[in-house]
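K.L.:
There's a structure below that I have some questions on.
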Amino acid sequence: MRVTVFHNSNSKSLRTAADLESKLKQQNFELVEANPEIVITIGGDGTLLSAFHKYAHMLDRVRFVGVHTGHLGFYTDWRDYELDELVASLRRDDNEQVISYPLLDVGVRYAGDNAMNHYLALNESTLKRVSATMVADVYIRDELFESFRGDGLCVSTPTGSTAYNKSIGGAVLHPRLEAIQLAEIASINNRVFRTLSAPIIIAKDEWIDLYPDPQGKDDYVMTVDRFVPKKRPITAIRYRIAKQRIAFAGYRHTNFWNRVEDAFIGEKQRE
């Protein structure tokens, strides 16, 4: 089995990665950087996000395993003190144990470019305006839904619903739901301007188009997860469920609602 160990620069992660690589070599795993079958991330959810974007071009043939060196993450199932158990699980692996999650396809048309540029998001994509109110028309399945005014808009995946989406009032979705969610960021609602002012869940056969006001085209910033792909004037963005999915090795996978409970409620709150 070809394995990549992908880690952040935290000292604990560096020690854990070195320890894991040593254990993998002892068990005759092939450690590679290119064309892996398994990508093991050491750190937290941010580290796994970085690994996802590095290997997004080969999602049909790679699976991910997350080892967290801090508190429990939404994509990390193993702790740094469980490396022996992890290696043993890899040795027993039969390439059929997979948990997969939906991804967000982000299609962007830039000014002066007729081609659609595509990006994949594991968590979310946002559109904001830097120095003024953002104005954008929102279409759902080619029908005008609303004209938005506010700080910005966020479109998230089910797993990403627990991240930035939740902090701006979005709903938490189970990842078995093949849906995407649109949430407003500080929308303006008064006698003149009205928006729904509530999260919208979009079915898998629908899509969302955003058309930012061209007067502010040089001032819009689009993010894909935590990255800014290109700083160019944007004329349109289309969001829909991606054909690709992210696959996790499924022999050890924490129940989604247990993750939510641990991250946001915790045992102390239940006492």
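Where a number appears in this text, it was derived from the coordinates with a stated rule and is not lab data. Remember, it's a predicted structure, so these values are computed and weren't measured experimentally. Glycine gets a Cβ as well: all are built from the backbone with ideal geometry, and neighbour counts include every protein chain shown.
K.L.:
Where does helix 11-26 land angle-wise versus the long Cα axis of the chain, in degrees 0 to 90, nearest 10?
P.N.:
50
K.L.:
Nearest 0.05, what FRET efficiency do R141 and M1 give at R0 = 35 Å with Cβ-Cβ as r? Could the numbers behind the result be given before it?
P.N.:
Numbers: r = 43 Å, r/R0 = 1.22.
So, using R0 = 35 Å, E works out to roughly 0.25.
K.L.:
Summing -39500 (n - 2.57) over the DSSP H runs of n ≥ 4 in the chain and dividing by its residue number, what mean residue ellipticity at 222 nm do you reach, to the nearest 500 deg cm²/dmol? Present the calculation step by step, with values, prior to reporting the outcome.
P.N.:
Numbers: 6 runs with 54 residues, N = 271.
Taking each H run of at least 4 residues, the total per residue is -5500 deg cm²/dmol.
K.L.:
Compare the peptides 133-142, 20-29, 239-248 by average per-residue count of other Cβ atoms within 10 angstrom and give them in order, highest first.
P.N.:
Put in order of decreasing packing, that is 239-248, 133-142, 20-29.
K.L.:
Next question, about the same structure. Could you name the lysines whose alpha carbon sits less than 24 Å from that of K231, not counting residues in the same chain fewer than 8 places away?
P.N.:
K54, K128, K217
K.L.:
Would you mind computing the Rg to Rh ratio of segment 1-63 from its alpha-carbon coordinates, Kirkwood style for Rh?
P.N.:
Working: Rg = 11.4 Å, Rh = 11.9 Å.
Looking at segment 1-63, the ratio lands at 0.96.
K.L.:
What is the calculated FRET efficiency for L177 to K217, with r their C-beta to C-beta distance and R₀ = 35 Å, to the nearest 0.05?
P.N.:
Values: r = 34 Å, r/R0 = 0.97.
E(calc), rounded to 0.05, equals 0.55.
K.L.:
For segment 103-243, take the convex hull of the Cα atoms, compute a quarter of its surface area, and give me that in nm², please.
P.N.:
Numbers: hull surface 31.9 nm².
That works out to 8.0 nm².
K.L.:
Tell me, Kirkwood radius of the chain from alpha-carbon pair distances, in Å? Provide the component values of the computation, followed by the final result.
P.N.:
Details: mean 1/r = 0.0503 Å⁻¹.
Taking the inverse mean of 1/r over all distinct Cα pairs, the chain comes out at 19.9 Å.
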